[in-house]
1. Quick one: among B:193, B:30, B:12, which has the greatest mean-square fluctuation in a GNM of chain B with alpha-carbon springs under 10 angstrom?
2. Does a label point 7 Å from the Cα of residue B:234, set along Cα-to-beta-carbon, have any residues of segment B:14-42 with amide nitrogen under 16 Å, and which are they?
3. Taking the alpha-carbon centroid of each part, what is the distance from segment A:240-262 to segment B:107-177 in angstrom?
4. How large is the helix-only mean residue ellipticity at 222 nm for chain A, computed as the sum of -39500 (n - 2.57) over DSSP H runs with n ≥ 4, divided by its residue count, in deg cm²/dmol to the nearest 500?
5. Rounded to a whole number of µm²/s, how large is the Stokes-Einstein D of segment A:1-149 at 37 °C and 0.692 mPa s, given Rh as the Kirkwood radius over C-alpha pairs?
6. Could you work out the mean count of beta carbons from other protein chains within 10 Å of each residue's beta carbon in A:201-212?
7. Most fluctuating residue of B:172, B:113, B:100 in a GNM of chain B with Cα springs under 10 Å: which is it?
8. Can you tell me which of A:32-39, A:221-228, B:201-208 comes out highest on packing, and rank the rest after it, using the mean Cβ neighbours within 10 Å?
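Every number here is computed from the coordinates shown, using simple stated rules; none is lab data. Here the structure is a predicted model, which is why all the values come from computation and not from measurement. Positions of Cβ are generated from backbone atoms using ideal geometry, with glycine treated the same way; all protein chains shown enter the neighbour counts.
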């Protein structure tokens, strides 16, 4: 019989994997990976601050993340050229803040370790309810704004010229990243949140050219990494979040290696084993 | 008095104290192909963006079919089908041709999924540019000319009253260029006004009804042959001066 803690861990992993996998496709396509990393570390600083002042650490992480997400969104909208540098600076600032705050905590190691690497095997029923609620909100917003998010990701100028409120959708997307990085802290910890947000989507993008299929494959890679990660870590007595992060990262490296040996299949709109299209003689289409 | 398609009056735009557009005026009364030609940094894209209400002018005013783009931005932008420069697109995103064309239906659809009509309009638009067989193809697998035609199809699927194209012939092969020109001509016959920007005067001579020579201010405006004559005369003076 499967012990209850393992069932809860698997449910939590499934919830976080699906949510990060879907949102990750937008994060990777919009080059928001460094913003995701900055938000993950802000969540850490927020959680420790919450712990210090007697607030729920996850609520502290959420509040701090929401504040930073609005700041990042405004910066990237007002000055796109400098936004990458400023996001990098915020990343450093939030990490420095977290490191400084953690030294003020009496139970220094335990607290820091919990937020840094998460504790998926220790999730409670209330944690699952919190994870589930945030995930439902995130996925529903993505479904509602699916077309608009895709449009602004592909062509921000065109979307603005055609009357879309680009600023609103951009702020909404960054806010979702803030929400998801907060919930990920419970399962994989702040350090590995970026991996779960980026690796499955980046892997999926390598083997398909369809946006919908990228989302589908990203979910599969994310679920496999999480569930195999839990199983392997228990079998080998290793840190669960570390193994999940390794699985997700390895999926990207392995795909990158093999993708050169794949060719694009028009029927299934995926890269499948076969001679690479680059090796084939050039075929010019009659319409152009 | 009939409603003017576009009215731009004494438009001045400044960025950080630098003049991008200086007292630019133009008027389009009937559907035609209006081309704006000028070197890089002449303010061509700024003019389009000001007409769309995306750049606020320092002085002057704009009216698009009687509407002020700064008071009614959504209304004005939904009357205009915009084709951006290809360089501004994010080609890293995994996306199919149908996704790109359907984007033209997003402002009209609002929240929710695309309807059958949206798919029909998008397919018709892609048919018009001769790329219906590419409906399910990855966008980045197309040539530059084909991508430009898909972007034109996206603008057509908005069912616009004005089409605005920013450098539509840049890096485009001659066949695609001819197909784009034919489509634009057909659109004018259907009552759509076409406004296009190019840095190369030869690219627009075939298609233009009216040409504006722009270098922050209007240097010349009129029928293509007249403007070309003026263009050659200033080029000659510049050449001699060199």
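1. With Cα springs under 10 Å in chain B, the top fluctuation among B:193, B:30, B:12 is at B:30.
2. In segment B:14-42, the label zone of residue B:234 (backbone N under 16 Å from the point 7 Å along Cα→Cβ) covers B:20-26, B:35-42.
3. 36 Å
4. -26500 deg cm²/dmol
5. 196 µm²/s
6. Mean inter-chain Cβ contacts per residue within 10 Å come to 3.
7. B:113
8. Numbers: A:32-39: 25.6, A:221-228: 22.5, B:201-208: 17.9.
The packing order, highest mean first, is A:32-39, A:221-228, B:201-208.
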